[in-house]
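The values are calculated or read from the model by the stated rules, or taken from the named source; none is laboratory data. Bear in mind that the values here come from a model prediction, so they are computed numbers and not experimental data. Positions of Cβ are generated from backbone atoms using ideal geometry, with glycine treated the same way; all protein chains shown enter the neighbour counts.
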């Protein structure tokens, strides 16, 4: 990986290269594999059969998981800088850290989820590092280059306008990654079970907590066996538990206990939306995935034993009790919520929440994003 000086030199040298009209460069989570909103948009562009040069930047090109038709280049290298300098469009779900784009280049920022916990300007004091304003400087530079932020709701549109050091276009297209949850594929569970080597014929409940600033797993005390038993009692069938840790602490998955009979590790499964579309129920704490999964109208629960501590770290945009998801602060409460789950009330509460937040959930977000990109490729942005 080049150092700071080498990267600066690569940007200077590559900046004189011409922009290639049909090149689109995608990145997700600072070089993780083929995932999230950029993946969904790339899949849609592949379906269009246009003459496009699609490039994915990944930390591990050999394990990026991209389909045929997408070139993979190692993230953060001089080769990746060359791709960025010659692309017509950048698509990213996190801050890029790139130097200035050139005339004739466009940057689509998709971000990575509906916000319960505060983000960007609203937690700048938490995000900044040793030199106080380093993150803010970095984020301001990134925001100045964005041509459109993709929003899934009127609520998030307001958040982006207030918290991103950004006064440009916010396109309320919906979340591309969630099109699959609006219309879940019938073979989703089959694909997930095969990939994770799960027993067939079982129902899946996934526990997917977000990370803590200190990297601790202390709050991850869910009783998987009791949860599965409660699900079997309330919903019927045989249930098994999946556990998927946040990418920031995914290396800690080995510290949890999985018997690979009733409890399985799903942390390394890159495609979260496919995973969600396969699950029959989900349990999380403060992660935006709860709002994604609710699009399926399947049961979703919150298990949060450290709400006060988490508020001190990030705090929330609205009270956690205002979500439509039953909230448990202990295993005993969780079992009670599962066994007493009222499907009709839950569906009503989800619909009311989506309406109040102004969600765009028609399953056409990928198509809108692809159209935006193709307009720029063809040189006629509206």
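Can you go through 318, 301 and tell me which one is assigned by TED's automatic domain parsing to the domain that holds residue 232 and within 17 Å of residue 239 (Cβ to Cβ)?
After applying the criteria, what remains is 301.
Are there any strands (runs of 3 or more DSSP E) wholly within segment 81-194 with 2 or more residues that are in contact with a strand residue (DSSP E or B) (Cβ under 9 Å, 6 or more places away or on another chain) and closer than 19 Å to residue 360 by Cβ, and if so which?
Hits in segment 81-194: 106-109, 148-150, 169-171.
With the requirement that a residue be buried (at least 18 other Cβ atoms within 10 Å of the Cβ) and either at pLDDT below 90 or under 16 Å from residue 316 (Cβ atoms) (or both), what does segment 156-173 give you?
Residues satisfying the conditions are 156, 159, 163.
Of all the residues that make up segment 1-33, how many are in contact with a strand residue (DSSP E or B) (Cβ under 7 Å, 6 or more places away or on another chain), part of a loop (DSSP other than H, G, I, E, B) and either more than 30 Å from residue 113 (Cα to Cα) or at pLDDT 95 or above (or both)?
1
Filtering segment 195-209 down to residues that are outside any loop (DSSP other than H, G, I, E, B) and touching a helix residue (DSSP H, G or I) at 6+ places or on another chain (Cβ under 8 Å), which residue is surrounded by the most Cβ atoms within 10 Å (Cβ to Cβ)?
Among residues in segment 195-209 that are outside any loop (DSSP other than H, G, I, E, B) and touching a helix residue (DSSP H, G or I) at 6+ places or on another chain (Cβ under 8 Å), the one surrounded by the most Cβ atoms within 10 Å (Cβ to Cβ) is 206.
Just one of 126, 117, 203 is modelled with pLDDT of 95 or more and within 29 Å of residue 353 (Cβ to Cβ); which is it?
Among 126, 117, 203, only 203 is modelled with pLDDT of 95 or more and within 29 Å of residue 353 (Cβ to Cβ).
Given the conditions (1) surrounded by 18 or more Cβ atoms within 10 Å (Cβ to Cβ); (2) more than 28 Å from residue 292 (Cβ to Cβ), report the number of the one that residue 82 does not fulfil.
(1)
Please indicate, with yes or no, whether at least one residue in segment 99-108 is buried (at least 20 other Cβ atoms within 10 Å of the Cβ), touching a helix residue (DSSP H, G or I) at 6+ places or on another chain (Cβ under 9 Å), touching a residue at least 40 places away in the same chain (Cβ under 8 Å) and under 25 Å from residue 357 (Cβ atoms).
Within segment 99-108, one or more residues are buried (at least 20 other Cβ atoms within 10 Å of the Cβ), touching a helix residue (DSSP H, G or I) at 6+ places or on another chain (Cβ under 9 Å), touching a residue at least 40 places away in the same chain (Cβ under 8 Å) and under 25 Å from residue 357 (Cβ atoms).
Only one of 306, 342, 321 is surrounded by fewer than 16 Cβ atoms within 10 Å (Cβ to Cβ) and modelled with pLDDT under 95; which?
Answer to the check: 321.
Out of the residues in segment 282-298 that are surrounded by fewer than 24 Cβ atoms within 10 Å (Cβ to Cβ) and more than 16 Å from the chain's Cα centre (by Cα), which is nearest to residue 236 (Cα to Cα)?
Ranking the candidates gives 298 first.
State which residue is farthest from residue 59 (Cα to Cα) when the search covers only segment 226-267 and only residues that are exposed (fewer than 12 other Cβ atoms within 10 Å of the Cβ) and at pLDDT 95 or above.
236
Which residues, counting only those in segment 325-337, are surrounded by 20 or more Cβ atoms within 10 Å (Cβ to Cβ) and either assigned to a loop (DSSP other than H, G, I, E, B) or under 20 Å from the mean Cα position of the chain (by Cα) (or both)?
Listed by number, the residues that qualify are 325, 326.
Just to verify a result, which residue in segment 36-52, among those that are part of a loop (DSSP other than H, G, I, E, B) and either free of Cβ contacts under 8 Å to residues at least 60 places away in the same chain or out of contact with any helix residue (DSSP H, G or I) (no Cβ under 7 Å at 6 or more places or on another chain) (or both), is farthest from residue 89 (Cα to Cα)?
49
Quickly run through segment 338-355 and pick out the residues that are within 22 Å of residue 114 (Cβ to Cβ) and either touching a residue at least 60 places away in the same chain (Cβ under 8 Å) or within 27 Å of the chain's Cα centre (by Cα) (or both).
Of everything in segment 338-355, those that are within 22 Å of residue 114 (Cβ to Cβ) and either touching a residue at least 60 places away in the same chain (Cβ under 8 Å) or within 27 Å of the chain's Cα centre (by Cα) (or both) turn out to be 346, 347, 348, 349, 350, 351, 352, 353, 354, 355.
For residue 311, all conditions in the list (1) surrounded by fewer than 23 Cβ atoms within 10 Å (Cβ to Cβ); (2) in contact with a strand residue (DSSP E or B) (Cβ under 8 Å, 6 or more places away or on another chain); (3) in a helix (DSSP H, G or I) hold save one; what is the number of the exception?
(2)
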